[in-house]
Every structure is written in structure tokens, then in C-alpha cells.
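A quick write-up on the structure given underneath.
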Amino acid sequence: MLPSPCWERVLELTPDDRIRPRIALGWALQEEDRLVEAEPHFLRAAEIDPGAAEPQVKIGSLHEERGEFEQAEARFRAAIKNDPKHSPGHSRLATLLRGKLPETDQAAVEELITDPETSDAARTRLQYALGHVLDAEGRLSASSL
């Protein structure tokens, strides 16, 4: 069974002012390659909570998947503006821009990697993204692995 029908049912039973079920349904639809159907759920989540970072990252991921890289970058940056410590926003931006990631953004990624409050899972994603940046810049040597 596909996950989207389950999340559609959850959304039917949930008050309209909750972003979590909308993000989950949007994600399920995106995983099913139903991008057009996923987008309104992410946009509604961003409308419900304009200060939340996660809907911005989800919208950015849709743009990235469609090859709309400037729009993806803008959404990832909006997520970071909403929450400067939002590691998914930083890692998605770094992976998107790779060798074109500005130094200030790279420094923010490095700071999050060393932040003791960053979870191990988030740290791993940030290190992976930073690896892409350094590799694109020709600064990732085999000895650093």
C-alpha cells in the first residue's frame, strides 16, 4: 500500500492549522513521484507557519527535483533565515551549490558540524554536504577521508 492514502486520511482527521500532516502527505506524494500534487501541501504548511524552516526545505527539494535551481536555493535560504541552525536547510544548500557555496555559508555548515547540540544524524548529513563542496573545489584529498 502506498503511504499517501494513509496520510490523506490523517489529514482529513486533523485540524487545518497543523503543518506536520501536510508535510508528511507532501513527502509521501513526492516519494511517489507526484510532485504536482505534493507542492500544495508544502505551500499550505509554509502558509500556516511562515516561520517554520521545514516547509521551505520541502518546497526547495521539489524545485531542485524539477531542475529549478534558483528557486530551490531561495527556499533553502528561506529555511536558514527562519532557523539559522536548521541543518537540513544548510546541507541541502551546500549539496545544491557545491563548489559555488559562498564562504559564509560554508562556515555556517562547519560551525553546525562542531556544535555539540547538532545530532549525530544531522552532523553526518552536514559532513556529507561539506564533502561535496570540498570535492567540487578540489580540496578533498584521499587523506582526509
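Please treat every number below as a calculation from the coordinates, not as lab data. Nothing here was measured: the structure is a model prediction, and the numbers come from that model. With ideal geometry, Cβ positions are generated from the backbone for all residues, glycine too; neighbour counts draw on all protein chains shown.
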>> If every alpha-carbon in the stretch 85-138 counts as one equal scatterer, what log10 I(q)/I(0) does Debye give at q = 0.13 1/Å?
In response: -0.24
>> Net charge within 15 Å of residue 81 by Cβ-Cβ distance, Lys/Arg positive one each and Asp/Glu negative one each, not counting residue 81 itself?
In response: -1
>> If R₀ is 35 angstrom, what is the calculated FRET efficiency for the pair residue 16 and residue 135, using the beta carbon separation as r and rounding to 0.05?
In response: 0.20
>> Let me understand the chain better: what is its radius of gyration from the alpha carbons, and its Dmax, in angstrom?
In response: 16.4, 54
> Can you pull the Rg over Rh of the stretch 1-83, Cα-only, Kirkwood?
Replying inline: 0.98
> By a straight-distance test (C-alpha under 15 Å), which aspartates and glutamates pair with residue 100 as possible cross-link partners, with residues fewer than eight away in the same chain excluded?
Replying inline: 70, 73, 135, 137
> Fully extended, how many nm does the chain gain between residue 34 and residue 103 (0.36 nm per residue separation, minus their Cα-Cα distance)?
Replying inline: 21.3 nm
> Given a cut-off of under 8 Å on Cα pairs at least six residues apart, what relative contact order in percent is computed for the chain?
Replying inline: 15
